[in-house]
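The values are calculated or read from the model by the stated rules, or taken from the named source; none is laboratory data. Everything numeric in this text was worked out from a predicted model, so none of it was measured. Cβ atoms come from the backbone with ideal geometry, glycine included; neighbour counts cover every protein chain shown. Remember, those area values only see protein heavy atoms, side chains included, never the ligands or the DNA or RNA. Shrake-Rupley method; radii C 1.70, N 1.55, O 1.52, S 1.80 Å.
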Amino acid sequence: MAASANNNPATFIGSVKLLNTEDKQANLFNYVTKSCEEFANSENLNALNKILAELNPTQFSVPAFAILSTKFQIHGKYNLDELKATIVKLKSMTSAVKRESISSKFPTFYFYALKFLADACLAKKVPLLGIKPLFEGINWYTNGHPELLTPAHSAFLCLCLKARHFYLCDQFINLDPEMLLQQGLDYRRSNKQNSSLMSCGSEPILLLFYYAALIRVAQCRYEEGLLLIEQLLCIRGMCNSSIAIEAFKVAIIVALILGHDQLFLPGCRNVKFLQSLSRPYLTIAYIVTSAKIGDNIPALVKDYAEKTRKVFQQDGNAGLIDVLVRKLQEKKISDMPKTFMNVDRDRAMTRAFFNDNDNFDAVVRKLINNKELKCTIDGGADIYRFRKLVEDEEDSAEDEIDLNTQLQNLANLTTAVRNIHDRLKVVPQNASNSGKQQAKKRLMM
């Protein structure tokens, strides 16, 4: 038997029927892999369609899904309608496969199909089209436990990020890193062929944390996003990858958005390497952290970002730099209660380096609505009054009671201290001279 089908669909079908036995699974895997490479290189779409029509996925699950993944791989040969039809074919084939009878080689081609499906949707700029099929495919394989990592997790999160559709993401993102590590150890120790972890290499794991972090940043959940990146960078032996480098760049900007002046990377052993490839981002960090109180930090960052904008655009982080500039402007306003109780609009705008009245008022009202600034606006006099806003009367009453109690305790303490002080310095009027001298001696001691 030849090592491959030589781009002939009839030869492929006949060979896989002969090799589809339990004792020839390794030969079947090698034959199918080699043949699919030939079909993909020649972009033989007709041959792939003929094989998919002939093979029963229930009986020939490995070659059927291998051919399907190859068809997704050559997505440039067909239009969007054909892609939708192929997705329907994926669903019907998956439902025909019996999970209890799948071989150890099946997951390889199954997840290839899911990942190439995601690539096809991204290439045709319809990421939303692939979200549901990947969601259902991962849930089918993990038997309803998406927290168990598979190679398709990162592809699913990438689609969600590109489509800005985050409704289904949480159950894929909320992974316990310690549990993930334990799964990997269990897999290696037991060598389970059908493990849900699928013996993932470094790339799917790094991409999982990377895309999850970007999704949290896109949701303005910056603390969670930064934590995911820190976990990524602290994975042992993986900080030299290009994914870790891009994550480090994002982490610098996100940390600055949160007002942090350093990253927490206890397990990262190659920080200098990451720093050497992130000089523009470290320069922005230096501008923000070393600026004086009266400096127009947003303008300084914006000027530097404009000079090196090509770098940030190539990294895909130009939008994140714009978010940082906006957050720095908002911070100038939210820090005003530290200095002022009341301030007029002109002085507040000068302090925050704003030139547009309407834009300044919009930012102030946004901060108030987001509960990032406690302020009332006197529209007639254009006065901003910074004070503690009480949402309801019960909270106000509790605050007053608490304040009154504290003032009473302070008064009682003052009285007690005064009484003790008086007792120490009081000398009885009828005491003898020797008694007075003795008292003075004790005081001197």
Residue tally, condition crowded, with 16+ Cβ neighbours inside 10 Å and not β-branched (V, I, T), over the range 79-94: 4
query: Any idea how many residues of the range 132-150 are closer than 17 Å to P204 by Cα and either touching a residue at least 40 places away in the same chain (Cβ under 8 Å) or open to solvent by less than 10 Å² (accessible area, probe 1.4 Å) (or both)?
result: 9
field: Residue list for the range 11-23, restricted to those being free of Cβ contacts under 8 Å to residues at least 40 places away in the same chain and open to solvent by less than 80 Å² (accessible area, probe 1.4 Å)
entry: T11, G14, S15, L19, T21
- request: May I ask you to list pairs of residues, at least six apart or on different chains, whose Cβ atoms are under 6 Å apart, with the first in the range 90-119 being under 17 Å from L28 (Cβ atoms) and the second being of a type outside the set (A, V, I, L, M, F, W, C) and outside any helix (DSSP H, G or I)?
  value: V97/P57; S104/Q193
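Name the residues in the range 323-357 that are farther than 19 Å from H260 by Cβ, assigned to a helix (DSSP H, G or I) and open to solvent by 30 Å² or more (accessible area, probe 1.4 Å), would you?
Just the residues of the range 323-357 that are farther than 19 Å from H260 by Cβ, to begin with: 333, 336-337, 339-357.
Subsequent filtering for residues that are assigned to a helix (DSSP H, G or I) retains 333, 336-337, 345-352, 357.
Listed by number, the residues that qualify are P337, R345, D346, R347, T350, R351, N357.
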query: F109: under 16 Å from F72 (Cα atoms) and either under 27 Å from the mean Cα position of the chain (by Cα) or basic (K, R) (or both), yes or no?
result: no
statement: With the first residue restricted to the range 258-286 and required to be open to solvent by 70 Å² or more (accessible area, probe 1.4 Å), and the second required to be among the acidic types (D, E) and not in a loop (DSSP other than H, G, I, E, B), Cβ contacts under 8 Å at 6 or more apart or on different chains are F264/E230
task: Test S4 against the stated conditions and say whether it is part of a loop (DSSP other than H, G, I, E, B) and of a type in the set (S, T, Y).
output: yes
message: Residues that are open to solvent by less than 20 Å² (accessible area, probe 1.4 Å), in a helix (DSSP H, G or I) and of a type outside the set (F, W, Y): does the range 96-103 have at least one?
response: no
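From the list D315, D295, which one is open to solvent by less than 60 Å² (accessible area, probe 1.4 Å) and within 21 Å of Y211 (Cα to Cα)?
D315
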- line: Among residues of the range 37-78 being farther than 14 Å from T94 by Cβ, assigned to a loop (DSSP other than H, G, I, E, B) and of a type in the set (S, T, N, Q), the residue most open to solvent (accessible area, probe 1.4 Å) is Q59
task: Among the candidates R365, R387, single out the residue that is open to solvent by 40 Å² or more (accessible area, probe 1.4 Å), more than 28 Å from I287 (Cβ to Cβ) and at pLDDT 85 or above.
output: R365
field: Counted residues, the range 155-169 - those being assigned to a loop (DSSP other than H, G, I, E, B) and either crowded, with 16+ Cβ neighbours inside 10 Å or in contact (Cβ under 8 Å) with a residue 24 or more places away in the chain (or both)
entry: 5
